[in-house]
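Written out below as structure tokens is the structure these notes cover.
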Amino acid sequence: MTDRQLALRAWESLFRAQHQVLGEISTDFDGAEITQAEYDVLLTVVRGSAMTARLRDITANSLTSQPSVSRLVERMVLRGLVTKAADPDDGRGAVVTATEAGARAFRNVAAVHGRSIASRMSVLDDDELAALLRLTEKLRR
């Protein structure tokens, strides 16, 4: 049986560390062409084959609720960052594709954001990073 007090302390520490680090690296989006939420959507889309992803996969990978993701994608379509079309494999679904403008905006922020993440995580050595990855993946299962 897991020590309940230790579990609570570990959870609080993980939560506070995540909150602090996210706060520090969120400044990467100050003055950027895209918001942090748009970056989150484009992260899944740009990594997809032909810079395309199913809307349900974007929602599954997002830190935002499904209705919020749908509204965000609609705003991104209006801004010319993505296109949205019916999913040819699932008539109820949709596929989202990054436009060149969306991919460019993503790459511009990703360069800055990647450096910030690497810098912030540099307090951990490679073994610690690998352990953190294993532990967080275990928690997400």
- Pairs, please: C-beta under 8 Å, at least 6 apart or cross-chain, first residue over 16 Å from Leu43 (Cβ atoms) and in region 111-124, second assigned to a helix (DSSP H, G or I)? Arg120/Val21; Arg120/Glu24; Arg120/Ile25; Met121/Leu129; Leu124/Leu132
- Note on the structure: Taking region 26-55 and keeping only residues that are basic (Lys, Arg) and under 14 Å from the mean Cα position of the chain (by Cα), one is left with Arg47
- Message: Every residue in region 79-113 that is of a type in the set (Asp, Glu) and either touching a helix residue (DSSP H, G or I) at 6+ places or on another chain (Cβ under 6 Å) or open to solvent by less than 70 Å² (accessible area, probe 1.4 Å) (or both), please.
- Response: Asp87, Asp90
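Listed here are the residues, each with its yes/no results for (1) more than 26 Å from Arg141 (Cβ to Cβ); (2) in contact with a Pro (Cβ under 9 Å, 6 or more places away or on another chain); (3) acidic (Asp, Glu).
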residue	(1), (2), (3)
Gly31	yes, no, no
Tyr39	no, no, no
Thr44	no, no, no
Gly48	no, no, no
Asp57	no, no, yes
Ala60	no, no, no
Leu63	no, no, no
- Any residue in region 15-34 that's over 29 Å from Glu100 (Cα atoms): show its pairings with residues that are open to solvent by less than 90 Å² (accessible area, probe 1.4 Å) and of a type in the set (A, V, I, L, M) at Cβ separation under 9 Å, as long as the two are six or more apart or on different chains. Val21/Ile117; Val21/Met121
- Message: Return the residues of region 114-141 that are over 19 Å from Phe15 (Cα atoms), under 19 Å from the mean Cα position of the chain (by Cα) and open to solvent by 100 Å² or more (accessible area, probe 1.4 Å); say none if nothing qualifies.
- Response: Arg115
- Note on the structure: Val69: passes all of (1) open to solvent by less than 70 Å² (accessible area, probe 1.4 Å); (2) touching a strand residue (DSSP E or B) at 6+ places or on another chain (Cβ under 8 Å) but (2)
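The values are calculated or read from the model by the stated rules, or taken from the named source; none is laboratory data. Since this is a predicted model, take the numbers as computed values, not measurements. Ideal geometry is used to build each Cβ from the backbone, glycine not excepted, and the neighbour counts take in all protein chains shown. All accessible areas refer to the heavy atoms of the entire protein, side chains included, with ligands and DNA or RNA removed. Shrake-Rupley method; radii C 1.70, N 1.55, O 1.52, S 1.80 Å.
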